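*Asks:* Sharing a structure, written as structure tokens. Questions coming.
Please treat every number below as a calculation from the coordinates, not as lab data. Just so we're clear, the structure is a prediction, and the values are computed from it rather than from any experiment. Positions of Cβ are backbone-derived with ideal geometry, glycine not excepted, and every protein chain shown enters the neighbour counts.
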Amino acid sequence: MHATATENITIYFYNPEINITRNAVLKNTFDLYLETQGAYQFQPVDNKETFDALIKDKKNAIFMMSNWHYLQLKKTLLLQTSTLVLRGTKNGNDTYHKILVGKQPKLDLQTMSLATSGNEEYSRSVLSDIYSKQSIDQFSSLQVLEVPKDIDALMAVGFGLADVALTTKSSLNKLSILYKQQNQPLLILGESQALKRLAVVFKEIPQPEHHKIQSILKQMAKNKKGKRGLHMLGLDDWRLVDGRLSKNEGPE
């Protein structure tokens, strides 16, 4: 059965880099834009297992996910009937870096506490990327403090609630502007490799609905309500992706 313009098509969203406490606001923000475009809705998902089950069972659906998760799924059969259509961008770039920030230049990786807006599994994987010469077991005793936003992770370090924060340079710059009076000596202790931004996958959506939804998402950057949704995802636009993966998009 094929989708038609009158059927409700759902965009399922799961991103371990964003705290799930923001999901209700995220849904409302996206739906305010989508309801002006047709029978579409946005549905954040709270955990990886539920999201993976939806990918397996749903047809005529869209899945928005972190590239970290996308590359994991590419190793399975769950995306065999799906197509990577869009990639999130900010300032024209579809990649970004995570940085590790703290007050002390030397750390005990096994006992340090980490503030992060991502979930524990994702955060450990980024740390293993930053400390590529260390095994993932080095972080087995890591204490993780999950916070709503990257800048909250930095605040946690500033106030002594965590030893280090996993964040971005833009959040660190923002903090330095907002809290100049604190003059906190926060140091960049490490940086990840270039990480791809959000991936948007279409599963079994027929033409011309495929092109219609693709266009609706691309137009978000030119719409006031759409911009709000993009901003909540840390993006300012979407880039169209060739259905075939380039070398740096991950294995086939």
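*Asks:* Once every DSSP H run of n ≥ 4 in the chain is given -39500 (n - 2.57) and the sum is divided by its residues, what mean residue ellipticity at 222 nm do you get, rounded to the nearest 500 deg cm²/dmol?
*Replies:* Values: 8 runs with 79 residues, N = 252.
Calculated mean residue ellipticity at 222 nm is -9000 deg cm²/dmol.
*Asks:* Which of Ile11, Ile177, Ile62 moves most in a GNM of the chain, Cα contacts under 10 Å?
*Replies:* Ile177
*Asks:* Then there's this: Determine the relative contact order of the chain: mean sequence separation of Cα pairs under 8 Å and six or more apart, normalised by residue count, in whole percent. Before the final figure, lay out the partial values.
*Replies:* Values: 449 pairs, mean separation 75.8, N = 252.
Contact order relative to length: 30 percent.
*Asks:* In 5 Å bins starting at zero, report the fraction of Cα pairs in the range 94-145 per bin as a rounded %.
*Replies:* In order of increasing distance, the bins hold 4, 18, 32, 30, 11, 3, 1 percent.
*Asks:* Separate question: Is the shape of the range 1-79 best called rounded, prolate or oblate, per the rule: a/c under 1.5 gives rounded, else a/b larger than b/c gives prolate, else oblate, with a ≥ b ≥ c the square roots of the Cα gyration tensor eigenvalues?
*Replies:* Numbers: a/c = 2.45, a/b = 1.18, b/c = 2.07.
Oblate is the answer for the range 1-79, as a/c is 1.5 or above yet b/c matches or exceeds a/b.
*Asks:* What FRET efficiency comes out for Asn47 versus Asn173 if R0 is 35 angstrom and r is the Cβ-Cβ distance? Round to the nearest 0.05.
*Replies:* On the way: r = 32 Å, r/R0 = 0.91.
About 0.65, to the nearest 0.05.
*Asks:* Efficiency by 1/(1 + (r/R0)^6): what FRET value for Lys212 and Leu71, r their Cβ-Cβ distance, R0 = 30 Å, to the nearest 0.05? Don't jump to the answer; show the numbers that get you there.
*Replies:* Working: r = 28 Å, r/R0 = 0.94.
After rounding, the FRET efficiency stands at 0.60.
*Asks:* Sticking with this one: Amide H of Asp237 versus every other amide H placed in the peptide plane: which residues, excluding those fewer than 5 positions away on the same chain, fall under 5 Å?
*Replies:* Amide H neighbours of Asp237: Thr89.
*Asks:* I'd like the distance between the alpha-carbon centres of the range 44-73 and the range 128-173, rounded to an integer number of Å.
*Replies:* Centre-to-centre distance over Cα atoms comes out at 25 Å.
*Asks:* Right, here's the next one. Over its Cα atoms, what ratio of radius of gyration to 2.2 N^0.38 Å does the chain give? Don't jump to the answer; show the numbers that get you there.
*Replies:* Numbers: Rg = 19.0 Å, N = 252, 2.2 N^0.38 = 18.0 Å.
For the chain, the normalised Cα radius of gyration comes out at 1.05.
*Asks:* Would you calculate the separation in nanometres between label points at Leu32 and Thr81, each defined as 7 Å from the Cα along the Cα-to-beta-carbon direction?
*Replies:* If labels sit at Leu32 and Thr81, their model points lie 3.6 nm apart.
*Asks:* Next question. Quick check: residue separation of Asp242 and Leu107 times 0.36 nm, minus the Cα distance between them. What number comes out in nm? List each step's numbers first, then the result.
*Replies:* Numbers: separation 135, 0.36 × 135 = 48.60 nm, distance 4.26 nm.
Additional length available on full extension: 44.3 nm.
*Asks:* Using a cut-off of under 20 Å, list every residue of the range 73-106 whose amide N is near the label point 7 Å from the Cα of Gln193 along the Cα-to-beta-carbon line.
*Replies:* 73-76, 88, 93-100
*Asks:* Sticking with this one: Using alpha-carbon pairs under 8 Å, 6+ residues apart, how would you state the relative contact order of the range 98-191 in percent?
*Replies:* Values: 158 pairs, mean separation 43.8, N = 94.
Taking the mean separation of contacting Cα pairs over the length of the range 98-191, I get 47 percent.
*Asks:* Among Ala153, Ser132, Pro185, whose Cα projects farthest towards the positive end of the dipole of the range 98-191, with charges put on the beta-carbon of Lys, Arg (+1) and Asp, Glu (-1)?
*Replies:* Pro185
*Asks:* Relative to the longest principal Cα axis of the chain, at what angle does helix 169-178 sit, 0 to 90 degrees, rounded to 10?
*Replies:* So the helix axis and the longest Cα principal axis differ by about 60 degrees.
*Asks:* Could you give the Stokes-Einstein D for the range 32-76 in µm² per second, using the C-alpha Kirkwood radius, 37 °C, 0.692 mPa s?
*Replies:* Values: Rh = 12.1 Å.
Once the numbers are plugged in, D ends up at 272 µm²/s.
*Asks:* Rg and Dmax of the range 98-191, using alpha carbons, in Å: what are they?
*Replies:* Over the range 98-191's Cα set, Rg and Dmax evaluate to 12.3, 39 Å.
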